[in-house]
Each structure stands twice: as structure tokens, then as C-alpha cells.
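Take a look at the structure below.
The values are calculated or read from the model by the stated rules, or taken from the named source; none is laboratory data. Given the structure is predicted, the values throughout are model-derived calculations rather than measurements. Glycine gets a Cβ as well: all are built from the backbone with ideal geometry, and neighbour counts include every protein chain shown.
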């Protein structure tokens, strides 16, 4: 299993994250070629080209490291109480790691917890109607009261209402920013952000100091959906950014729910269109819990805390994959008696580590690690 980078190595991840043009694919290529990003950071232009970077980008890296004082950048991060997670860290959000090209570096203020695996995104219009406000408050409050983390983007309108309602209900909530986590936007939500850091997190894949440029917001929506089991769109015009989040959710295999509205309301044209195109109409928050099989939430969380995986569960989990596998094939792959496999699968379903998809076929729900030691 690949080791998590040491704390002093993470500054090199940040260094590459500061260079425009170095994204998930190129970061992966650098790690594969050099073994670690410290070696990549100190490499010459020719070797950087050998790793797969183009000549211009390699020269850009060489130039950037002359200008960037990584120790100074790291000191600023520590002073701001910002946590850095790379995709090699065990506590990097497992659900986010499942998406295509997950962000190599996450900047977090607050705390990402294991329980945040059970999260639902609520997004929608900035110019929200009274109807949209009421629906958002009801959905967010219900989810938070039932132990589901509410994810959104801290924007005006539906986003802010969802965060506020989750906090008021005593739950957890996370915001994904289109800026550095030290650049809260909009500025009037700084107080709300501070509250969220106490019971949730502010998250971004943009480096510290990055301003909230308009071009940053559409890409960050892939993280909102990536952190979540499902995306709920409350209100959205036909060109709303919330629809971009729904598109990312569809590509990531997440469930999409849309709140139906009046056919005459501009704020409902986008949501009604989503329903027409196959999104599930959300009529009550309870429907959401039922559709996502979250009604046993407290049991699943308790099982995770008090019943750690044993050797049998590890063998069964390593036999499973993303494609449905019959219990007999699982038994053959794990090399265990059928009764042990059946008992392990029942417990793993309760923990949320495996899911039956019909006909005694199971798939893994990899919410902890990508590899399980036996």
C-alpha cells in the first residue's frame, strides 16, 4: 500500500498545486515517475520532460520553484490552521477518491470526519423564492437531524440556507469553495463559515490565497457532488450553476434529485427539466432517505465504531469489486466456507461496506481504504 506523504513532504504537493497546468493527471505521472514529489520538485527540466511534462511546462516548473518559497507557504498554511490532505492520505475522503481525476490536494479548515461519508449535497438558485427557502430549510434540517452531512458551496441563496439550517438542526455541514479556504466568498458569509468550521469544514482544492474568480466555481462543483451520495437541486434556472453540479453528479454515478416547481417560475425551469430528463422528483425529505437506504443510519455508524473489520471481512472485501459478484463466486475468491461469507456479508451491509444488488449478488462500497490488509 502506498504510504501517505510525511508532513514535510506535503509542501511539495502544494508547490505543484500552485503551478497552473499541473492537475490530477500530471501529478499522478510525476509520482509514478519519481516516486515522490520532493524528487520531482528538485528535478531538472530534462527529467521532468521524461516524466511526461511538455518542454514548456517543465520550464515553467523550474521557473516556479525559483520564485516559490515552500517554507514560507507552509508557514502561512500552519498559521491559518489549515489541514492538507493528499490523495495518498488514508483520511482523504474515500467517496471523493472514487471520482475520475480526484483533486490531488485538499485544503481544509475545520474537520472532515468518517461520518461525513454519509453526505448529501443541496444546491440551487442564488435568487431563491420563499418556496425554495422553505423547501431548502426542511430538507437540510431533516438530513442534519438524521445524521447526514449537508454539503453545498457557501453561495448566496439555497447554499447558505442549507448550511444555516443544518447548523440550526445540530448537524454537520461542509462548504466547497471556488477560492482558497482563506478567501471566504461572499464576504458576508464569513460568520457562517466560522460556525461551519466548528461543526463541519470549509474545503477547497485551490491553493491558499486564490481569489474567488468566476472561472473557479464550475470546476469546484465536481467536488460538491464527489463528496456526496446524492445531489438535491432545489431551484435552478435553465442556465444555473446548480445544473453543472447535477451534470458532474450524473458522470460520477451519484443520485440526482430535483424539487418540482411551477412551470411558470423561472427558478423551476431547470429543476423541472432535470426531472423530465430522469432525475428523481423529491417530494419529501423522507423519500430521499428511503431512496438512498439511509434509514438505518445510526445502526450503520454504530457498527463502524464498535465492530472493526476482522480477517474474514478483509478477505471478503478484497474479493468484492465494483461489479456485481454472486455469493458463490465470492466464496471461491475468498477461500472461505459459505456460512462465514454469508455472515460477513450481512455485517458488512450493516456497516455500509458492501451492498446486495439482487439475486445474491454483491458489490463493494469502498468507503475506507482502496486496499484491505489481511
Please verify whether residue 239 is in contact with a strand residue (DSSP E or B) (Cβ under 8 Å, 6 or more places away or on another chain) and either in a helix (DSSP H, G or I) or modelled with pLDDT under 95 (or both), treating the condition exactly as stated.
no
Given the conditions (1) assigned by TED's automatic domain parsing to the domain that holds residue 184; (2) over 12 Å from residue 233 (Cα atoms); (3) outside any helix (DSSP H, G or I), every one holds for residue 120 apart from (2)
Would you point out which residue out of 147, 171, 157 is surrounded by 21 or more Cβ atoms within 10 Å (Cβ to Cβ) and under 18 Å from residue 115 (Cβ atoms)?
171
Working carefully through the options 81, 63, find the one that is at pLDDT 90 or above and under 21 Å from the mean Cα position of the chain (by Cα).
81
Filter segment 248-268 down to the residues that are surrounded by fewer than 19 Cβ atoms within 10 Å (Cβ to Cβ), out of contact with any helix residue (DSSP H, G or I) (no Cβ under 7 Å at 6 or more places or on another chain) and outside any loop (DSSP other than H, G, I, E, B) and list them by number.
250, 251, 266
